[in-house]
Every structure is written in structure tokens, then in C-alpha cells.
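Report on the following structure.
Coordinate-derived values only; no laboratory data. Treat the numbers as computed from the prediction; the structure is a model and nothing was measured. Backbone-built Cβ (ideal geometry, glycine too); neighbour counts: all protein chains shown.
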Amino acid sequence: MKQRILMIIFVIVLGTLSTGLLTSVNQHLKPKIEKNKELKFKSALLDVFNIEYTKENIEEVFNRNIQVFEKDNVKFCKSSDDKIAFEFLGSGLWGNITGIIALKPDLETIYGIKVIHQEETPGLGGRIAEKEFLSQFKDKKILPQIVIISKGKAVKENEVDGITGATMTSKAFEDILNKNIQRYLAILSSSGQ
């Protein structure tokens, strides 16, 4: 009986110490984690605006070339040459897909797009984050909406070739883009930006 009580006390003390240690490490690393998230976001923005930077000068290049502003509690980013970018988020086939899309000043034409996070099947739906797939969106018209169709059949100015074997992910990505674009454009047009 005494041995069981000692074991329970040992487990409680060990659990308390472990929890305290993990909490302390988390508090210590939290600022670094937040800074890394911020740098990841800034580098993705610079990528969609096609602005060159290095790891060492990312903050300086970002501050010199991009203005961040909010309308209706939504964050927008404007490049020095008047392109507008915003984050998109939605549900893919297996999890959330997030990224950034940049529009030319006409607010009708895609300038660049980057997927920051996705949980799709590697080698299939996961290819939505690959440069080869995303490069197809450059200069595509967003109105009336982006359409992702069967590979090799995109001919219209708003059509993009889908990923063979990942039809459901392609359609989810199309839906995410169109819903986010409509939402953000409505906010921009109502605010006179």
C-alpha cells in the first residue's frame, strides 16, 4: 500500500515538474515562434508580389515595398506599384488550405499566388502548393470566377488546368479562391480602395 502511494506521489510530482518545464520553454520560445510566423508571412507576400529579397534584408525590403492596411477588420497589403494582396483560407479535401493571392491594380487579374499551408495528399492534392501549378494563375481573370478544369483543357482567360488524380482538391481550391476573392473585392469596393 505504501509503495502505491509513493508511486502516485512520484507520478504527480513528475507530471507537475514536466508541465512546469514545458510551460517555461513555451513562454521562452513564444516570441521566436511569433517572429518566424511573421517572417513567413512577409516572405510569402514578397513572393506573390515578385519582389526580390534575402533572409538578411526581408524586413527592410518589406517595409520599403509593402503597405499593410485594414478595412472592415480585414488585412490587405498593397505593393509600391499598387498591386493588392490578401490571405485566403478554406477547407480542402483533408484540411485547411491557406495562402496569399496578389491582384494587379485593375483588381481583375491575378499577379501571383502562393499556398502557405495545406494538408492534402502528398504527390496528388498536395501539388496545389507547387510552383508549376500555381504559375498557371498568373494573368488569369478572376471575373466572373476562376475555373479549374481537366488538365490540358484550359483555354479561357479565367481557366486553369487542374491536377490529374486530385479533382476534389482542385475543386476545393477553386471554391476557396472564388469565395475569398468575392469577399475581399466586396470589402475593397465598399471602402473606396
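Once the convex hull of all Cα atoms in region 15-78 is built, its volume per residue stands at 116 Å³. Between Ile163, Ile33, Ile116, the GNM of the chain built on Cα springs shorter than 10 angstrom shows Ile33 fluctuating the most.
The calculated FRET efficiency for Val155 paired with Lys55, based on their beta-carbon distance and R0 = 30 Å, is about 0.15.
Computed over all pairs of different Cα atoms, the Kirkwood value for the hydrodynamic radius of the chain is 19.1 Å.
Residues considered: Gly152, Gly126, Gly20. Largest GNM mean-square fluctuation over the chain, using C-alpha springs under 10 Å, is found at Gly20. Only aspartates and glutamates eight or more places from Lys42 in sequence, or on another chain, were considered; those with a Cα closer than 20 Å are Glu34, Glu52, Glu56, Glu59, Glu60, Glu70, Asp81, Asp82, Glu87, Glu130. The H on the amide N of Asn158, modeled in the peptide plane, is under 5 Å from the matching H of Lys141, each at least 5 residues off or on a different chain. On full extension, the segment bounded by Val25 and Glu70 gains 12.8 nm, given 0.36 nm per residue less the C-alpha separation.
Would you mind computing, in nm to one decimal, how far apart the modelled labels at Asp139 and Gln3 are, each placed 7 Å from Cα along Cα→Cβ? Taking the simple label geometry, Asp139 and Gln3 are separated by 7.9 nm. Count Lys and Arg as plus one, Asp and Glu as minus one, and take only other residues whose Cβ is under 13 Å from that of Ile148; the net charge is then +2. Comparing Leu134, Leu29, Leu21 in a Gaussian network model of the chain where C-alpha atoms under 10 Å apart are linked, the largest mean-square fluctuation is found at Leu21. Net length available on complete extension from Glu34 to Asp81 is 14.1 nm, with 0.36 nm assigned per residue and the Cα-Cα distance removed. Pairs exceeding a 24 Å alpha-carbon distance, out of Lys104/Lys156; Lys40/Lys75; Lys71/Lys156: Lys71/Lys156. Take the Cβ atoms of Ala186 and Thr98, set R0 to 30 Å, and the FRET efficiency comes out at 0.90. Note on the chain: helix-only mean residue ellipticity at 222 nm, from DSSP H runs of 4+ residues weighted -39500 (n - 2.57) and normalised by residue number, equals -15000 deg cm²/dmol.
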